[in-house]
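S.K.: Sending over a structure as structure tokens; questions will come in a sec.
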Amino acid sequence: MATQDHTNPPITVSRIGIIGAGVSGIAVAKQLSNYNPVVFEATDSIGGVWRHCSYRCTKLQSQTWNYEFSDFPWPEREGSDYPTHAEILEYLHLYAVRFDLFKYVKFNSKVVEIKFIRDKDGFDFGRLPNDHGNPLPGRPVWEVSVQTNELNTFQRYHFEFLVVCTGKYGDIPLMPTFPKNKGPEVFNGKVLHSLDYCKLDKEATSDLVKGKKVVVVGYKKSAIDLALECAQANQGPDGQPCTMIIRSLHWTLPHYQMWGVPFFLFYATRSAQFLHQTPNQSVLKSLLCLLLSPMRRGISKFIESYLLWKQPMEKYGLKPDHPFEEDFASCQIAITPESFFNEADKGKIIFKRASKWWFTNDGVEFDDNTKIDADVVIFATGYDGKKKLKSILPEPFCSLLEYPSGTMPLYRGTVHPLIPNMAFVGYVESVSNLYTSEIRSMWLSGLIDNKFKLPTADKMLSQTIKDMETMKKSTRFYKRNCITTFGINHNDEICEDLGWHTWRKKNLIKEAFTPYTAGDYKKED
């Protein structure tokens, strides 16, 4: 029970508020530090998913050179190019210390409600506004109600501009539904989501899975890591196998070298951008993409041939029916841990393909009439980031998050054309989500500093629809803002808005054939 009436708490006025202190939140705080932003973090630490949604074996999916801030290279370190989640947290901590960001963060401060308090004269909720006006209008636009865990009190804040960095992961698990009397309620074992598993310490996770018949639901990165942890905890003759229930197959990578060729040559260079469709492309570019489509499909086959040679995907019935390029275009790629298929070879990981299944008293049953016994079922089925957003955003803005495609229409991946004085950072995915968020933070800083003006709302909406249509055409799995196949083109547009040169390399050879990384987009004063 709160110690004071949260319906009328005191008000603190500031110019810019930031919700969330994950990777995106601290990137935004650094870029907007001259405005002394207030950062609300519901937990007791920075790091977001790296702090609260990682297992002991979780490692970075990208190499360090592709996952770092533009002005803060990784410190010298020994070991793999793929740091553990603990090393990533240390890197983020060093970044926050280096740029004195902790002074902006209010920990254990959960945002429970947002209200639109701008003077509504001239703002028609039913029509597109002519423009978004000044990002900092000099008067409050948003009221944020915050609950502090330590004192269990409520505080109200008024801001001219609000940046939402709650992300797509964590907090709210995405759970499948089941018919009546066929859900977890009939199961005599333990059921939990991977989010709950992450909260357990080493001893508790060992007690949960060691010697137990575990079922892991899912086949993306978190599910693969979780199955590996269960297998490693069940070594020896008395160890039980872990069964993975897989609905949709996707291509997985062992690393980023295909037949000795660096993976970035296929997708992360400016020359590779000519193989893929981009928003607003000219007729000539469209023709070039058509002429080069056999090469694009050939690259996909080239990569697939390596993956099938390197990994026993066909042996275990894990070969997808769709081309690799569609998984890459939809950000569905996962790196398999080195020992993952070794555990499968030892019988410690078992794969079960199933489109429909349900619980029984002592396990699960499938639509092919087969059954397996289970003691523990863990859902690695993702998170409902949109539900998290909708729980705090008021109407009618809450309804604007809905779109037929399932993704939010964000101009430059940051601003919703119909929501004033608000930005969303961390909702666009690419090979490296860190520098994807950082460059949008730079763009947002330029916007708030009035280095450029936003187009009209109808032009922004038209552009975001073009972006979404390009993503939709590239893959059958389009469910998210994934810009992997046209990331350089997207960053070119951001550079143009900021008045920067779009070509960032020192010479034409490097421009054409070396990968673009965060260092190429170091902020220009």
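The values are calculated or read from the model by the stated rules, or taken from the named source; none is laboratory data. For clarity, every value in this text was computed on a predicted model and none was experimentally measured. Cβ atoms come from the backbone with ideal geometry, glycine included; neighbour counts cover every protein chain shown. The protein model used for the area step is the full one, side chains on, heavy atoms only, and it has no ligands, DNA or RNA in it. Shrake-Rupley method; radii C 1.70, N 1.55, O 1.52, S 1.80 Å.
S.K.: For region 153-199 and region 269-339, what is the separation of their Cα centres, given in Å?
M.R.: 33
S.K.: Here's something else I'd like to know. GLU395 to VAL97: extension gain in nm, 0.36 nm per residue of separation minus the Cα-Cα distance?
M.R.: Fully extending the segment from GLU395 to VAL97 adds 103.5 nm.
S.K.: What's the carbon and sulfur percent of the chain's accessible surface, probe 1.4 angstrom, rounded to a whole number? Please report the intermediate quantities before stating the final value.
M.R.: Working: 12250 of 23690 Å².
Answer for the chain: carbon and sulfur cover 52 percent of the accessible area.
S.K.: What accessible area per residue, rounded to a whole number of Å², is obtained for region 39-114 using a probe radius of 1.4 Å? Present the calculation step by step, with values, prior to reporting the outcome.
M.R.: Details: 3560 Å² over 76 residues.
Value returned for region 39-114: 47 Å² of accessible area per residue.
S.K.: Can I ask one more? Using a/c under 1.5 as the rounded threshold, could you call the chain rounded, prolate or oblate? The axes a ≥ b ≥ c are square roots of the C-alpha gyration tensor eigenvalues, and prolate needs a/b larger than b/c, oblate otherwise. It would help to have the intermediate numbers written out before the result.
M.R.: Values: a/c = 1.68, a/b = 1.21, b/c = 1.40.
Oblate, because a/c is 1.5 or more while a/b does not exceed b/c.
S.K.: Can I ask one more? By Kyte-Doolittle mean hydropathy of at least 1.0 and Cα axial length of at least 24 Å, which whole DSSP H helices of the chain are selected? Write down the numbers at each step before the final one.
M.R.: Numbers: long enough: 293-310 (26 Å, -0.31); 457-474 (26 Å, -0.93).
Long hydrophobic helices here: none detected.
S.K.: Tell me the mean residue ellipticity at 222 nm calculated for the chain from its helices only (DSSP H runs of n ≥ 4, each -39500 (n - 2.57), averaged over every residue, nearest 500). Show your work: numbers first, answer last.
M.R.: Details: 16 runs with 153 residues, N = 525.
Only helices count here, giving -8500 deg cm²/dmol.
S.K.: Which of the pairs LYS220/LYS453; LYS285/LYS387; LYS59/LYS202; LYS479/LYS523 have their Cα atoms more than 28 Å apart in this structure?
M.R.: Numbers: LYS220/LYS453 40 Å; LYS285/LYS387 38 Å; LYS59/LYS202 17 Å; LYS479/LYS523 31 Å.
Distance filter (> 28 Å) returns LYS220/LYS453; LYS285/LYS387; LYS479/LYS523.
S.K.: Let me ask something else. With label points built 7 Å along Cα→Cβ from the Cα atoms of LYS453 and GLU469, find their separation and express it in nm.
M.R.: Each label point lies 7 Å from its Cα, and together they span 2.7 nm.
S.K.: Classify region 287-340 as rounded, prolate or oblate, taking a ≥ b ≥ c as the square roots of the eigenvalues of its Cα gyration tensor: rounded when a/c is under 1.5, otherwise prolate if a/b is larger than b/c and oblate if not. Display every interim value, and only then the final one.
M.R.: Values: a/c = 2.63, a/b = 2.06, b/c = 1.27.
Prolate, because a/c is 1.5 or more and a/b exceeds b/c.
S.K.: Give the list, by residue number, of cysteines in the chain with no other Cys Cβ closer than 4.7 Å, or say none.
M.R.: Unpaired cysteines in the chain: CYS53, CYS57, CYS165, CYS198, CYS289, CYS398, CYS495.
S.K.: Then there's this: Quick check: residue separation of TRP65 and VAL261 times 0.36 nm, minus the Cα distance between them. What number comes out in nm?
M.R.: Values: separation 196, 0.36 × 196 = 70.56 nm, distance 1.73 nm.
Stretched fully, the TRP65-VAL261 segment lengthens by 68.8 nm.
S.K.: How far apart, in nm, are the 7 Å Cα→Cβ label points at ASN507 and ASP196?
M.R.: A separation of 5.9 nm, rounded to one decimal place.
S.K.: I would also like to ask the following. I need to check one value: relative contact order of the chain, counting alpha carbon pairs closer than 8 Å and at least 6 residues apart, in percent.
M.R.: Numbers: 956 pairs, mean separation 112.5, N = 525.
Relative contact order for the chain comes out at 21 percent.
S.K.: Something else: Show me the ranking of peptides 90-99, 378-387 by mean Cβ neighbours inside 10 Å, starting with the highest. Provide the component values of the computation, followed by the final result.
M.R.: Values: 90-99: 17.0, 378-387: 19.9.
Top to bottom by mean Cβ count within 10 Å: 378-387, 90-99.
S.K.: Something else about it: Give me the dipole magnitude in Debye, nearest 20, for the chain about the Cα centre, with unit charges on the beta carbon: positive for Lys and Arg, negative for Asp and Glu. Numbers along the way, then the final one.
M.R.: Working: 63 positive and 60 negative charges, 178 e Å.
Charge dipole of the chain: 860 debye, to the nearest 20.
S.K.: For region 414-462, what is the accessible area per residue in Å², given a 1.4 Å probe and the full set of protein chains? Please report the intermediate quantities before stating the final value.
M.R.: On the way: 1190 Å² over 49 residues.
Averaged over the residues of region 414-462, the accessible area is 24 Å².
S.K.: Go through 254-265, 237-248 and give me the packing order, highest mean Cβ count within 10 Å leading. Numbers along the way, then the final one.
M.R.: Details: 254-265: 14.7, 237-248: 17.8.
Ranking the peptides 254-265, 237-248 by packing returns 237-248, 254-265.
S.K.: Measuring with a 1.4 Å probe in the full set of protein chains, what accessible area per residue, in whole Å², belongs to region 135-255?
M.R.: On the way: 5240 Å² over 121 residues.
Normalised by residue count, the accessible surface of region 135-255 is 43 Å².
S.K.: Report the paramagnetic label zone for ALA354: residues of region 373-392 whose backbone N is under 14 Å from a point 7 Å from Cα along the Cα-to-Cβ axis.
M.R.: Output list for this probe position: 373-380.
S.K.: Show me the three semi-axes of the equivalent ellipsoid for region 155-232, from the C-alpha gyration tensor (sqrt of 5 times each eigenvalue), largest first, rounded to whole Å.
M.R.: Working: eigenvalues 199, 68, 34 Å².
The equivalent ellipsoid of region 155-232 has semi-axes of 32, 18, 13 Å.
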